[in-house]
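**Q** This is the structure, below, for whatever I ask next.
The values are calculated or read from the model by the stated rules, or taken from the named source; none is laboratory data. What you see is a predicted model, and the numbers here were worked out from it, not measured in a lab. Counting neighbours? That spans all protein chains shown, and the Cβs are built from the backbone with ideal geometry, glycine included. Heads up: the accessible areas ignore ligands, DNA and RNA and are worked out on the full protein's heavy atoms, side chains in. Shrake-Rupley method; radii C 1.70, N 1.55, O 1.52, S 1.80 Å.
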Amino acid sequence: MAANAYDIIKRPVITEKSMALTQDRKYTFLVSKSANKIEIGKAVEEIFGVKVSKVNTINMEGKMKRTGRFPAGRRPSYKKAIVTLTEDSKTIEFFEGMV
């Protein structure tokens, strides 16, 4: 599958915990469920022009949601990636104003 970088990296995850990780050069993204760690690392390097040292991935199960008297529904499952940059790499400017 020849997916481009923007098909692999869907969007950044902006939470208190993910913003705290930016101090350690770790950035969190929502990624394609079919993408592997190598593809994710290359996509981040291509989009942001940084050097990636490590990629951790987590498959997140969708939460059950109540829908009144109807059977409970479910939010969609997704995949999250925490990307660690090398020490000599520049930071990702997108996250700078958020902290």
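**Q** Name the residue that is least open to solvent (accessible area, probe 1.4 Å), counting only residues in region 67-99 that are in a loop (DSSP other than H, G, I, E, B) and modelled with pLDDT of 90 or more.
**A** Looking at the filtered set, the residue picked out is Ser77.
**Q** I'd like to know if region 13-32 contains one or more residues that are basic (Lys, Arg) and out of contact with any Ser or Thr (no Cβ under 9 Å at 6 or more places or on another chain).
**A** No, the conditions are met nowhere in region 13-32.
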